[in-house]
1. Given axes a ≥ b ≥ c from the Cα gyration tensor, I'd like to know whether the stretch 165-222 is rounded (a/c under 1.5), prolate (a/b larger than b/c) or oblate.
2. Read phi for every residue in the stretch 221-232 and hand back ³J(HN,Hα) as whole Hz from Karplus 6.51 cos²θ - 1.76 cosθ + 1.60, θ = phi - 60°, with x for Gly and Pro.
3. Considering only protein heavy atoms, what per residue accessible area in square angstrom results for the stretch 90-247 with a 1.4 angstrom probe?
4. Of the heavy-atom accessible surface of the stretch 79-216 (probe 1.4 angstrom), what whole percent is carbon and sulfur?
5. Just to be sure I follow the rule: in the stretch 46-164, considering lysines 8 or more places apart or on different chains, how many pairs have Cα atoms under 18 Å apart?
6. How large is the convex hull of the C-alpha atoms of the stretch 2-130 per residue, in Å³?
7. So which helices of the chain fit the span-like rule, where a helix is a whole DSSP H run, its Cα atoms reach 20 Å or more along the axis, and its mean Kyte-Doolittle is at least 0.5?
8. Taking amide H atoms as placed 1.01 Å from N in the peptide plane, list the residues 5 or more away in sequence, or in a different chain, whose amide H sits under 5 Å from that of G218.
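The values are calculated or read from the model by the stated rules, or taken from the named source; none is laboratory data. Not measured: the values here are computed from a predicted model. Only protein heavy atoms, including side chains, enter the accessible area calculation; ligands, DNA and RNA are left aside. Shrake-Rupley method; radii C 1.70, N 1.55, O 1.52, S 1.80 Å.
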Amino acid sequence: MLSLISPKIYRFDSLHSTNDSLKEMKIGSVVQEGAVVVTSEQTKGRGVTGSWESNPNENLTFSIYLEPMYLKVSESHFINYLVTYSLYQYVSLYTEDAMIKWPNDILILNKKVAGVLIENTFETKNVKSSIIGIGLNINQLHFSQFGRQATSLKSQTNKHFDLKKELDCFLEILLKNYASFQFSKDRFLAWYHERLYLKGVQSRFLIDETEVLATIKGVDAYGRLIMDMDESKEVKCFDLKEVKFLD
Ligand code: BTN
């Protein structure tokens with residue numbers, strides 16, 4: 001029988017960052033696997049490359065604590081496939097236009113609706129713990145424009161959402177997936193690949209400050225992006241900071 005973890009949700013009105021708060025709570029060893037920290041307002045929300053913008057009370061900003069200790073250090077990027085694919089499934093309840101943008105954004109019609117910031121700790125050769133921070137745009141209608149345009153479920157559907165219900169709904173999807181993840185992590189990689197934004201489509205990227213044309217083939221065993229380079233005809237792999245999407 002697969003065991004399903006029940007989430008224990010800690011709610012706050014305002015925090016700097018739910019990832020940071022969860023880390024601090026864990027130090028006192030209060031927190032068990034499945035703990036979720038959610039805040040109505042995040043004052044110093046962190047993104048993968050900068051800050052995370054989210055109006056108070058309009059979106060979901062939360063972090064989940066998991067202990068997938070069966071994963072080797074070299075397999076830790078599978079946590080990303082599990083979480084990103086679960087977010088994709090959740091967003092797909094409301095739209096057929098969701099895609100996964102490498103490494104861990106969810107887009108609706110090329111606009112970003114969700115982002116993930118995963119912070120793992122390791123013990124000898126295995127993962128010890130994982131703090132999974134998620135920013136999911138739900139009811140916000142206006143966003144500042146830096147880089148890729150952001151969107152929300154409300155902008156896409158013209159419906160207003162109840163944040164508590166949406167958090168429960170997403171957690172149910174994630175924790176159900178997590179129950180089978182240990183035994184079927186390769187399936188999450190396959191599903192991630194199927195929904196990968198711009199896969200197989202010649203597109204524009206910025207690499208070493210130069211605009212290039214290339215085609216995404218997928219992700220490799222280390223979670224890097226594999227691309228067919230248009231000009232040199234080589235196949236190359238890239239880490240997060242080495243490539244910027246221009247499309
Ligand atoms: C990204 O850059 O796309 C990742 C954004 C992750 C934002 C979330 S909001 C909740 C959690 N706490 C943080 O400080 N960041 C993550």
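1. Prolate.
2. 5, 9, x, 7, 7, 9, 9, 8, 7, 4, 6, 7
3. Numbers: 8340 Å² over 158 residues.
With the other protein chains kept in place, the stretch 90-247 gives 53 Å² per residue.
4. Details: 3090 of 6470 Å².
Answer for the stretch 79-216: carbon and sulfur cover 48 percent of the accessible area.
5. 9
6. Numbers: hull volume 16.7 nm³, N = 129.
Normalising the Cα hull of the stretch 2-130 by residue number yields 130 Å³.
7. Numbers: long enough: 77-91 (21 Å, 0.43); 163-194 (31 Å, -0.26).
Membrane-span-like by this rule: not one helix.
8. Correct list: I226.
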